[in-house]
Each structure stands twice: as structure tokens, then as C-alpha cells.
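Student: Here's a structure for you.
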Amino acid sequence: MYEHLFPELVDDFQDYELISKEPKPFVFEGKTRGPIVVPTAGEEAPGNLGNVKKGAVMKEKASPKGEETKEDAKGHDRTLPQQPGGQNRAAASAHSFNNDLVKALDRITLQNIPSQVASGLTTGMRKDYGLPLTVLSCTKACPHVAKCGSTLFEGRTVHLGKLCCTGVETEDDEDTESHSSAEQAASVEASDGPTLHDPDLYIEIVKNTKSVPEYSEVAYPDYFGHIPPPFKEPILERPYGVQRTKIAQDIERLIHQNDIIDRVVYDLDNPTYTTPEEGDILKFNSKFESGNLRKVIQIRKSEYDLILNSDINSNHYHQWFYFEVSGMRPGVAYRFNIINCEKSNSQFNYGMQPLMYSVQEALNARPWWIRMGTDICYYKNHFSRSSVAAGGQKGKSYYTITFTVNFPHKDDVCYFAYHYPYTYSTLQMHLQKLESAHNPQQIYFRKDVLCETLSGNSCPLVTITAMPESNYYEHICQFRTRPYIFLSARVHPGETNASWVMKGTLEYLMSNSPTAQSLRESYIFKIVPMLNPDGVINGNHRCSLSGEDLNRQWQSPNPELHPTIYHAKGLLQYLAAVKRLPLVYCDYHGHSRKKNVFMYGCSIKETVWHTHDNAASCDVVEDMGYRTLPKILSHIAPAFCMSSCSFVVEKSKESTARVVVWREIGVQRSYTMESTLCGCDQGRYKGLQIGTRELEEMGAKFCVGLLRLKRLTSPLEYNLPSNLLDFENDLIESSCKVTRNRGSSELQLFPAVL
């Protein structure tokens, strides 16, 4: 009865053998599109850059590290005493599957044990792709950095074009050097876990990432990597009535047409356009992964209307943006108006700020995204949407995000984003680094390909659990019978915060802490960290390349149009068929109109209450266990808010992952975890905008919550001391504190995240 669900999955895994073969190592496949260009706003660099276009420079060729494979030692392949009839029972419980399909799914669900688990002693030859990220301060006194700022990392050289130190304004060279050195020591200090960012590996991965526009440039923030800034970023206080004032100003601008310049300075739809040379004009670019700027019109000397790309193959324009700006002058207040947003409200009206990344700041050992912008407003504008774009409705308007920025450096290259970017190539790099750095004697880590996307990119499927203590029958049996936890994220490409939470979860699961080891010994984690790779790569906000919201396709996913959903649901159905139903399913999301972190769950009784059918609700008997995990998180995670949680199943959400996995698959604890794009209005982070450190902390806290859930649901078989969990909470909290000395302008730096 399930055979029609997996026609491609058999082909995907036919190269795997269940016992004798190690997991297939990560290799780069596909056509290499040639050199990756790191864009700048400067003039063409001298030397042998050849035909590289103005405003861009070429990355030096790095060794193809992504093609190196992980080789396991060969001397430990011992025979595993198999559980009598174990494979037969698994096949019998899924008798309706064909044999090849059962073998393929058995392997990725650990129903049969690969030889690396059988030995319990596999010692892989781990290749560390990552030299420590050593950012050098680009000051005049620094002997390691060329005056042009081209030497960025110690031991590595990358041409960055004309970004001279003269553009960095400093009052005192000696003080600046000391201050930058202190920030450098704190910001790039290696944590207990592996260093996950490697620019060379990132370049190699990007070459094989397939995009519709065939991006060939790399954004500086993605190349440098992001380090959380060592200071608090409070939610912006907004004066009452600013939205109404901005609308009046916009109407007034239309009346005084003679003040408008109205010329196109960037047009992705017209590749032959040339930027006007006269006057002070900013230069724009978004020809890199996840970039989605389409057209820029200069309104006044320092004001620009920006039009975003719609989600590919759809008419949806939402709020996600990621683009590059250069050619700025200090002391000038530049205003940006993104004029084709669709949502009726935004946290930009309630204290949220866009993010900016400065290359000059990165060269000065401050490679971080910071909240930036004043006079921020989100409002309905005078542009009307077509009936096609509005889903057949007439008269619907677009909305504008507007903000003003003062740039601190001359001739800088800056990037703006709706939220902290996290690209598909970044995910692939992080998974590769985790795989190469883990201890195979303790941690069972495997990265498979769930399926290929419409654009031909692979959708990774990660399995994490603890290695069995030995190859004795009891230990192997315990290994095979651990309950499953199924996690997924990034079905909506614009919700980049979901990927940062997932990063925190993955790093915690791969860490060496005692509670992480206990967690691995308790569960098998099946994780799909990016359900919509194509949408992420091409800068979509909500849709895939088919132009559809993939989180509305779980009821009847099409294998051709929605392959990631089709195969993820198929894997869940297979687990249910072989009596290995996940204990918890959670899909990580981001929320644009609410603060804090919270969960949506599923409850029959609360849904009936919501419909005010009191007579029917009296007859409903339901296990309240679906509330346990959110309640645990509300006690241990400072960003989590229980009062924002909802367990009502709305009709409009019947085809989402949360509801389908609960209703069709039978997982009682099926959740959507929503993380704010703005900040918190309760708890320890009240009044602060949320950052990557807090998001990664939430991912780690989710893991600790699963341990507490295990202790509460299985008290007789689970004897982990509660004080150990409390101690782990303290460690996570101490690593995520953001402090500032109120009596001084000096920044109080904090420890690196675990």
C-alpha cells in the first residue's frame, strides 16, 4: 500500500549496502561553473585579474578540499551478532514494501546496522578543513595587512579590491590597534566545538550550488562568516504616530514631482543597463546566493525605491531581502524604500531594525551583522497589486519598508538583510565540518541525501545518535530500539532564524557534554535541516521553485513538484509502518508578527473549545502530554513564552507539517516552533532584539528539553540526575549572556557559545 510513495527513494539509496559499506562520504557532484567572484565596489584590481568585470574581483584558486573524502580505517570490520529474526521482523512489519525499498529505508532508519556500528571501534581519518578563523585588524600599524586591505586571513590571501585603510576613520592608531586586538581575541576565540566556518571550503561548495540565475559571486558576509556582536541590541523605541507621519510624507512626495530624480540605477531584468555616472549614486548588487534585489530607482540624491524579486514562479512579494550597497559617503543620510511587500503588518512597526554588515568593520576584526536604521516604518503605499498577484482579489495594495542609514565609512561595501542570512551553502559547509570533526567512537553521525530538488540540489538528511557501547547483543538491541526524534527546518526560505536555531541544535547534539551524550543514548535524531533548498538559494521568501508554499503541501505532496515534502512524509510513514513512530516531530519556523519563541501544537479538545462547542468538548478525552515539552521549554529557555503557544488546529493549517504528522502519521507531540524575527517582550531578554547567539541557544535548550521530557515520561528507565540537567542549563546560559559595562563605552565581552 506504500509502494507508490517511494519510487525515487529506491534509486537514491541503491548504491548503499546495509552491512559491508560505510556511509557514502560527502563529495561535490555536478558541473563546476568556473571561478567564484567576490564582489566589491572598488575599481578593477591591478595584476592578473584579466577580464573580471569592474566592481568584482576573483577569488584565488583554492585546493578542492570539498573533493577529499573521509576514509575509515579498514582493520575493524568484525561480524555483528545479529538479533535473531531482526531483519525479518522489520520487513514483516512493512510487508507491503518491495524488498529493495525496505532495504533502503531500513538503512536510513537504523533497522539494520552498518559495519561502523557493529565494530563500535571505527576510527575514521578525520580531515579538518578549518584552520582557525584568525581575523586580522586592518589598521595602519598592522604589519600583516597590506595597505589595500587585501590580506584578510592569516595564511590566506583573497583580493578584495580597493578597500583602503584610509577609508577607516580612527582617532588614535594606538588605541584603535589595542581595541581591535581585544575584540579580535574575544570574537574569534575557538569554542569547545569545531570551528564551523571555513572560507575555502565555502567557496568550493558554492561552485556546486545550482541556482536559477546561476550566481557566480559570493557575498562578503557569507565568505567571512558571522560572529555575534559583543553588545546588547535593544528593541528600537518608536514615537507614537510615526507611521501616519510617514504616509503623509509619502503623499507629499508624490505632489512635489519636481523634486524627484526618478532614474533606474539597478535593474536585474535588463542585463545591459549601465549605472549613471553623474552625481552621487549608490551602487547595488544582489547577484549572489539568496540575493533578491530586482530594481532600484533613485528618487532623490539620497533616496532610493527598491523592488524585490518575487518568489520564483509565483507572484508573491514578501519581506525577506538581501543586497549589497557601495559608493556611499559618510555624513549623508540615505533612505531606502522597499516598495513591493505584501504582508499587512510587520515587526518593523514595533521596534525591529534591518541588519547591516560592513566590510570595513569586518577588516577591523568586527565581522558581524548589526541592527541598523532610523525612522523605520512599515506602511501601506499607493501602489496597487494586480488581481493575479493578489490571488484574484482587486484593490489590494503593496506595503513599504522604509528606513534611513548613515554609513560610518567612505567607499565601504555594506550588505542589508531582513534577518541574519543563512544560505544553503553555509548549511552544507557546517554539516561537512561537523562530520569531519566528530568522534566516531562516541557519536554515530551520517549524512544522506533525502532527495534532489527541482533545481538539482541535494536535500540533506542527517542521522545522529550514540554509538553502542560494544557489539554485544544487549547494546546493539538498545541502539536499535531507541525512540526517534524527527526535526526539520527552513521550509519557508525567508525564515532564516529557523536555520540558526537548527544550527544550535546540531552543534549541541554533536558536542562532548555529558547531557549531549545522554541525549544521543536516549534518542535517534532524524533531521532535515533545510526542506526548501531551492527557495533559500534563489532568495525566495515563502515558496519553492514550483511557486508553492511547501508547508501547505503535506496532505498530498507531488513527487515531481514537491520532492522534499514527498520524501520527508514518506520516511515518516515508513517509520510508522515499522512500528518506530517518532516520539516528537518539530518543524522550526520564524514569525514576522510576534515576539519571543513559542510553539504551535495539536489538540482535539482545545480545537473543540476554540469552536465554542461546549457540549462536544465534554465528551473528548485526551492525553495532555502534548503540553509537556512546551511547558518544559518555558522553564529552561529564556526566550520561550508559554502564553504565546497555541494547540488549536485551524482549518487553514490542515495541510501543514504539524497537523499532517499529527493526524495522518499519529505523532501526538507534533509541533511548529516559531522564533521571532524581532525580539522578546518577556523574560531575561525582554526589550532586546534577538540575535544568532540567542537563536542558537534556543536550539540547544530544545535538546535539554527533550532530556527532561525523557525523564518525565520514563522515570523508571531513565536515571539521569536532575542536577546534571540544571548544570547543563547553567553552562548554556553562561555562554549566551550578553553584558555591557554601563559606566563605560568599552564593551564587556562574553564567552564563546558552546
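The values are calculated or read from the model by the stated rules, or taken from the named source; none is laboratory data. Everything numeric in this text was worked out from a predicted model, so none of it was measured. Glycine also receives a Cβ, built like all others from the backbone with ideal geometry; neighbour counts cover every protein chain displayed. Each accessible area value is taken on the protein alone, full model and side chains, heavy atoms only, with ligands, DNA and RNA left out. Shrake-Rupley method; radii C 1.70, N 1.55, O 1.52, S 1.80 Å.
Student: Any idea how many residues of region 436-463 are open to solvent by 20 Å² or more (accessible area, probe 1.4 Å) and closer than 17 Å to A516 by Cα?
Tutor: 4
Student: Right, something else. Out of region 469-479, which residues are open to solvent by 10 Å² or more (accessible area, probe 1.4 Å) and under 20 Å from L583 (Cα atoms)?
Tutor: C477, Q478
Student: Follow-up question, since we're still on this one. Which numbered condition trips up A576, out of (1) open to solvent by 30 Å² or more (accessible area, probe 1.4 Å); (2) small (G, A, S); (3) in contact with a strand residue (DSSP E or B) (Cβ under 7 Å, 6 or more places away or on another chain)?
Tutor: Just one mismatch for A576, condition (3).
Student: Could you check R482 against (1) crowded, with 22+ Cβ neighbours inside 10 Å; (2) in contact with a strand residue (DSSP E or B) (Cβ under 6 Å, 6 or more places away or on another chain) and say which number it fails?
Tutor: The one condition R482 does not meet is (1).
Student: To continue, here is another question. How many residues are outside any loop (DSSP other than H, G, I, E, B) and of a type in the set (F, W, Y) if we restrict to region 528-567?
Tutor: From region 528-567, those outside any loop (DSSP other than H, G, I, E, B) are 528, 533-537, 550-552, 563-567; that's our starting set.
Going one step further and asking which of them are of a type in the set (F, W, Y), we end up with 566.
Number satisfying all stated conditions: 1.
Student: For region 539-548, enumerate the residues that are touching a Leu at 6+ places or on another chain (Cβ under 8 Å) and open to solvent by less than 10 Å² (accessible area, probe 1.4 Å).
Tutor: Once the filter is applied, which keeps residues that are touching a Leu at 6+ places or on another chain (Cβ under 8 Å) and open to solvent by less than 10 Å² (accessible area, probe 1.4 Å), region 539-548 yields C543, S544.
Student: Let me ask something else. Does region 450-461 contain at least one residue that is at pLDDT 95 or above and of a type in the set (V, I, T)?
Tutor: Yes, region 450-461 contains at least one residue that is at pLDDT 95 or above and of a type in the set (V, I, T).
Student: So for region 524-545 (the condition being of a type in the set (F, W, Y) and in contact with a Phe, Trp or Tyr (Cβ under 9 Å, 6 or more places away or on another chain)), does at least one residue qualify? Walk me through it before giving the result.
Tutor: Restricting attention to region 524-545, the residues satisfying the condition of being of a type in the set (F, W, Y) are 525.
Now restrict to residues that are in contact with a Phe, Trp or Tyr (Cβ under 9 Å, 6 or more places away or on another chain): 525.
Checked against the condition, which is being of a type in the set (F, W, Y) and in contact with a Phe, Trp or Tyr (Cβ under 9 Å, 6 or more places away or on another chain), region 524-545 yields at least one hit.
Student: Let me ask another. I want to confirm something. Restricting to region 502-529 and keeping residues that are among the hydroxyl-bearing types (S, T, Y) and within 23 Å of the chain's Cα centre (by Cα), which single residue is most open to solvent (accessible area, probe 1.4 Å)?
Tutor: Once the filter is applied, the top-ranked residue is S511.
Student: Give F416, F348 a once-over and let me know the one that is within 25 Å of the chain's Cα centre (by Cα), open to solvent by less than 10 Å² (accessible area, probe 1.4 Å), modelled with pLDDT under 95 and closer than 30 Å to M530 by Cβ.
Tutor: Step by step, each of F416, F348 is checked, and only F348 is within 25 Å of the chain's Cα centre (by Cα), open to solvent by less than 10 Å² (accessible area, probe 1.4 Å), modelled with pLDDT under 95 and closer than 30 Å to M530 by Cβ.
Student: Yes or no: region 542-554 includes at least one residue that is touching a strand residue (DSSP E or B) at 6+ places or on another chain (Cβ under 7 Å) and touching a residue at least 24 places away in the same chain (Cβ under 8 Å).
Tutor: No, there is no match, as no residue in region 542-554 is touching a strand residue (DSSP E or B) at 6+ places or on another chain (Cβ under 7 Å) and touching a residue at least 24 places away in the same chain (Cβ under 8 Å).
Student: Residue by residue through region 433-448, note down the ones that are under 19 Å from F479 (Cβ atoms) and at pLDDT below 95.
Tutor: Hits for region 433-448 are H438, N439, P440, Q441, Q442.
Student: Criterion first (over 29 Å from S286 (Cα atoms) and of a type in the set (D, E)) does E495 satisfy it?
Tutor: Spelling it out, it is not the case that E495 is over 29 Å from S286 (Cα atoms) and of a type in the set (D, E).
Student: If you don't mind, there's one more thing I want to ask. Since K396 meets every condition but one in (1) over 25 Å from E214 (Cβ atoms); (2) crowded, with 22+ Cβ neighbours inside 10 Å, which condition does it not meet?
Tutor: (2)
So that you can scan it fast, the table gives a plain yes or no per residue for (1) out of contact with any Leu (no Cβ under 7 Å at 6 or more places or on another chain); (2) more than 30 Å from G456 (Cα to Cα); (3) open to solvent by 10 Å² or more (accessible area, probe 1.4 Å); (4) in a loop (DSSP other than H, G, I, E, B):
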| site | (1), (2), (3), (4) |
| --- | --- |
| K569 | yes, no, yes, no |
| R580 | yes, yes, yes, yes |
| D587 | yes, no, no, no |
| C602 | yes, yes, no, yes |
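Student: While we're looking at this one, here's another question. Considering only region 672-690, I want to know if a residue exists there that is under 25 Å from W554 (Cβ atoms) and either assigned to a helix (DSSP H, G or I) or open to solvent by 40 Å² or more (accessible area, probe 1.4 Å) (or both).
Tutor: no
Student: Within the bounds of region 603-615, is there any residue that is on the phi < 0 side of the Ramachandran plot and at pLDDT 95 or above?
Tutor: Among the residues of region 603-615, not one is on the phi < 0 side of the Ramachandran plot and at pLDDT 95 or above, which makes the answer no.
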